[in-house]
Amino acid sequence: MSFLGERATLPNPELDANLDANLASYELQDWRKGYDSLRTEHDYWIDEIIGEIPAELSGTLFRNGPGLLEIGGQPVHHPFDGDGMICAFSFGEGRAHFRNRFVRTQAFLEEEAAGKILYRGVFGTAKPGGWLANAFDLRLKNIANTNVLYWGDKLLALWEAAEPHRLDPATLETLGLDYLDGVISPGGAFAAHPRIDPACELDDGAPCLVNFSLKAGLSTTITIYEFAPSGQILRQHAHSVPGFAFMHDFAITPNYCIFFQAPMSFNPLPFLMGFKGAGQCLQPRLSQPTQVIVIPRNGGKAQQIPVESGFVFHHANAFEQDGLLYVDSVCYGGFPSIDAGEDYREVRFERLDPGQLWRFKLNLATPSAERELLESRCCEFPVLHPDYVGRPYRYVYLGAADRPTGNAPLQGVVKLDLQTGERQLWSAAPRGFAGEPIFVPRPGSDAEDDGWLLLLIFNAELERSELVILNAQDLSEPLAKLRLKHHVPYGLHGSFTPERFGVE
Ligand code: CO
C-alpha cells in the first residue's frame, strides 16, 4: 500500500463509468442531499425507535457541524464555511430527547438580518460581487462549527481560528464569546481538538484538559494550555517552530504533546486580492518531509523529527512504551482542497487520496521514526475509550467507507483490534452516510471495548437522519436506531458527558 499514493490521474470517462457501475457503494446524489441546510430548530422526544435504547446509557451527546450551507440563495464554497449548529441528544431511562440550535455568532446574526453573505469564509466562500467586493477584506468569520465540549461547567462551541462560544447546556442558547477566565484575549484562538488526560501525572492523577492555539506566519507559535476539571488553568507555555504550520489536531501522552507539521507553504496574495479563501492559499510541498513536533508537557524544549510527507487532520491516540513514542494518525497523501471554480457537491471521491490509519514509532533519543500501515480502508474521525487517551490501547473505532479499497464517503464504522489485527465493520451502505462515532463506556465496566458507539447516519432514502447505537463489542447489528423527524447536515465533531442536560 503506497502512502504517498497514486496522484490524481487525468480524467478518464471510461474508467469513471466503470467505477460508477461496478464499485461505488453509493449514489452521489444521495450523498449530496446530506449537505442541505437544516434551518429549523427542534426540541422533542424521539419516538421513532427501532430496537431498544440501553437503559444504562445516561448522559448527553453534543455534536457540532455546519447547519447552514447557503445564505440568501448563495451556497457556501466549502462545508467547513457553514455556520455551526449544535445537536444535543439526552439519554436516560431508555429514552432520548433531541434538540438543535445554531450558534448565534455575531456574523450569523448579521447575515441572518441582511439575508446575504457578508463575510468571506476561510475555505473559499466569497461575498457577492466578485473579487473587488472581497479584496482586502481580512475580517474572519468565527463560525463556531467544529467541536462542542462540556468542561469546567461550561459548554463551549469551538472553531480553531478564534475564541470559543459559550452555550447553555440545557437550552443550547448562545451566551457569547468565552475567554476561559482570561486565559485567551479578544482575537485569540483556541483549537477545536482538546484532549482529556484521564489521569494526569502532574496533578496527582486528576483528569485535565489539554488544548493548544496556533499563531502561524514565517514561523509558528504553538501555545499549550492545560485546565483542571474546574476550568481553572494549570499550565501554559509557548513554543516557536520554524515555518508556516496548519495543524488542526494533536495527540497527548502523560509527558508529551505531539503535532504533525505538514510541508506547506502559504501564499496570501490570492486571499488578499479576493480571488481565494485563506485556506485555499495553502500549497503542499510533498517533496519535503512532515515534521513531528514533540513538546514536553512540563514546558521543556520542543524537539522535531522528520517523517515521510503526508497530511494529517486527525490523530487517533499516542502512547509511551519501552522508551519509544507511538502516534496513530489518519494520513493523506495530499492536502484535500476545493479550488475556486469547483463545487464540493460534485466531488469525485475516487480521484482523491483516501485517509488511512498509520502508526508512527518515534525514538526521541536517536532521533528517528518508523511507520506502519494499520488500516488501508478509507477512514476518518478515529475515537477510543476515554480512559486510554495517551496510554497503550487495544481498540480504535473510525468512520469508514463501505468498500475496502479506494476513496469514498464514510458509510459506516470500523473497529480495529490493534493487538490481533481483527476488524469489524458496520455499514449503512448503500443509502446511509456516516461521520464521527463516539465511544461511551458502560458504567462500572473496565473492559476496554465494553460500551456503545453513537453514530449519526444520514438516511438518504428517508431524507432524515438517525442516531445508531452499536454495541462496541459486537458491531454486527445495531442495538437501536433513533429516527429523527428531519435530517442533520453532515457534522464534524462531538463529545459525550454523563450529565443529562435539557430534560426535566
Ligand atoms: Co477535526
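Quick note: the coordinates plus some simple rules give every number you see, no bench work behind them. Please read these numbers as outputs of a predicted model, since none were measured by experiment. Note: ideal-geometry Cβ built from the backbone for every residue, glycine included; neighbour counts use all protein chains shown.
Using the alpha carbons of region 100-221, what is the convex hull volume per residue in cubic angstrom, as a whole number?
137
Kindly point out, ordered by number, any Cys in the chain whose beta-carbon has no other cysteine beta-carbon under 4.7 Å away.
Cysteines of the chain left without a disulfide-compatible partner: CYS87, CYS257, CYS281, CYS331, CYS378, CYS379.
Translational diffusion coefficient, Stokes-Einstein: compute it for region 81-171 using the Kirkwood radius over C-alpha pairs as Rh, at 4 °C and 1.567 mPa s, and state it as an integer in µm² s⁻¹.
The calculation lands on 88 µm²/s.
Within region 346-366, find all residues whose amide N lies under 14 Å from a label point positioned 7 Å from the Cα of THR405 along Cα-to-beta-carbon.
So the set is 354.
Step by step: find N for region 42-84, compute 2.2 N^0.38 Å, then divide the Cα radius of gyration by it. What's the final number?
Against the compact-globule rule of thumb, the ratio is 1.76.
Which lysines, if any, have their Cα less than 22 Å from the Cα of LYS481, not counting same-chain residues under 8 positions apart?
Partners found: LYS33, LYS415.
Cα atoms only: what Rg and Dmax, in Å, come out for region 262-323?
In order Rg, Dmax, the Cα atoms of region 262-323 give 15.9, 52 Å.
So for region 43-123, considering every pair of alpha-carbon atoms, how many percent are separated by more than 17 Å?
56
Could you state the principal axis extents of the C-alpha atoms in region 208-300, from the largest down, to the nearest angstrom?
45, 28, 17
How large is the dipole of region 13-497 about the Cα centre if only Lys and Arg carry +1 and Asp and Glu carry -1, each at its Cβ, rounded to the nearest 20 debye?
Charge dipole, region 13-497, about its Cα centre: 1140 debye, nearest 20.
Along the charge dipole of the chain, Cβ charges K/R +1 and D/E -1, which of PRO268, LEU158, ILE222 sits furthest on the positive end?
Of PRO268, LEU158, ILE222, it is PRO268.
List, largest first, the extents of the alpha carbons of region 263-400 along their principal axes, each in whole Å.
Computed over region 263-400, the largest-to-smallest principal extents equal 50, 34, 26 Å.
From the mean inverse distance of alpha carbon pairs (Kirkwood) and the Cα radius of gyration, derive Rg over Rh for region 185-254.
1.00
Hey, for a label at ASP203 modelled as a point 7 Å past Cα toward Cβ, could you say which residues of region 216-259 have their backbone N under 12 Å away?
Residues passing the 12 Å test: 225-236.
Once you compute Rg and the Kirkwood Rh from C-alpha atoms, what is the Rg to Rh ratio for the chain?
0.93
Applying 1/(1 + (r/R0)^6) with R0 = 41 Å to the Cβ-Cβ distance of ARG348 and GLU56, what FRET efficiency is obtained, to the nearest 0.05?
Computed FRET efficiency for ARG348 and GLU56 comes out at 0.40.
Would you be so kind as to identify which of PHE89, LEU209, LEU132 lies farthest towards the positive end of the dipole of region 13-497, taking Lys and Arg as +1 and Asp and Glu as -1 on Cβ and the Cα centre as origin?
After comparing all options, I get LEU132.
If R₀ is 30 angstrom, what is the calculated FRET efficiency for the pair GLU461 and LYS361, using the beta carbon separation as r and rounding to 0.05?
0.10
Once label points are set 7 Å from the Cα along Cα→Cβ at both SER185 and SER240, what is their separation, rounded to one decimal in nm?
1.7
Mind putting a number on the dipole of region 351-504 about its Cα centre? Charges go on the C-beta only, +1 for Lys and Arg and -1 for Asp and Glu, and I need it in Debye to the nearest 20.
For region 351-504, the charge dipole is close to 340 debye.
Before anything else, pin down the relative contact order of region 13-497: Cα pairs under 8 Å, at least 6 apart, normalised by residue count, whole percent.
Value for region 13-497: 14 percent.
For the pair HIS486 and ALA133, what calculated FRET efficiency results from E = 1/(1 + (r/R0)^6), where r is the Cβ-Cβ distance and R0 = 51 Å, to the nearest 0.05?
0.90
Among LEU416, PHE458, GLY279, which residue has its Cα furthest toward the positive end of the charge dipole of region 13-497, with +1 on Lys/Arg Cβ and -1 on Asp/Glu Cβ?
GLY279
Tell me what the chain gives for mean residue ellipticity at 222 nm when only DSSP H runs of n ≥ 4 count, each as -39,500 (n - 2.57), the sum divided by the residue total, rounded to 500 deg cm²/dmol.
For the chain, the value works out to -1500 deg cm²/dmol.
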